[in-house]
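For reference, the structure is listed below as C-alpha cells.
Coordinate-derived values only; no laboratory data. What you see is a predicted model, and the numbers here were worked out from it, not measured in a lab. So basically every Cβ, Gly included, is an ideal-geometry build from the backbone, and we count neighbours across all protein chains shown.
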Amino acid sequence: MNTKPVIAIAFALSAMLTSGCASIRARTDVLPKQGWTVYPGAQQGAKDISAGVNGKLPYPGWMHVLLVPAFVVDLPLGTVFDTLALPYDLYRINNPEDFPRARK
C-alpha cells in the first residue's frame, strides 16, 4: 500500500480542522476585552507559538509536543482567514457604533 496519499490526506484534513482556531479564538475571547484590531489570529498564533516554545502554556509539558506543531500549522492558515476577514475587521474598527458593547 502506498502511504503517501494517506499521509497527504491526513495532513490536509488536520490542516482544515485546525484552520482559523487562533483567529476564531482571538475574535471571540481576546478582541472584545482588548479592542478590535486587524490580523488578530496571526497575532494570537504568534503568541501561542511563543508561549509553547518558552514552556508558558497552561497545559502539562507533554501537551506542548502536540500543541506547538498545531500552532505552527494554524499560523499561515489563520493568516489567510484573517486576510479574508480584513474588510469586516476594518469596518468594525471604523464603525464601532454599529456593534453592541462586548460582554464583560
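Some points to look at:
- Kirkwood-type radius of segment 45-86, with distances r between different C-alpha atoms, in Å: 10.7
- Size descriptors for the chain (Cα atoms only): Rg and Dmax, in that order, 16.2, 59 Å.
- Relative to the current alpha-carbon distance between Lys4 and Tyr59, full extension at 0.36 nm per residue lengthens the span by 16.5 nm.
- When the chain is described by a simple charge dipole with +1 on each Lys and Arg Cβ and -1 on each Asp and Glu Cβ, the residue from Leu75, Val65, Ser23 located farthest towards its positive end is Val65.
- Between 0 and 90°, nearest 10: helix 40-53 axis offset from the chain longest Cα axis: 50
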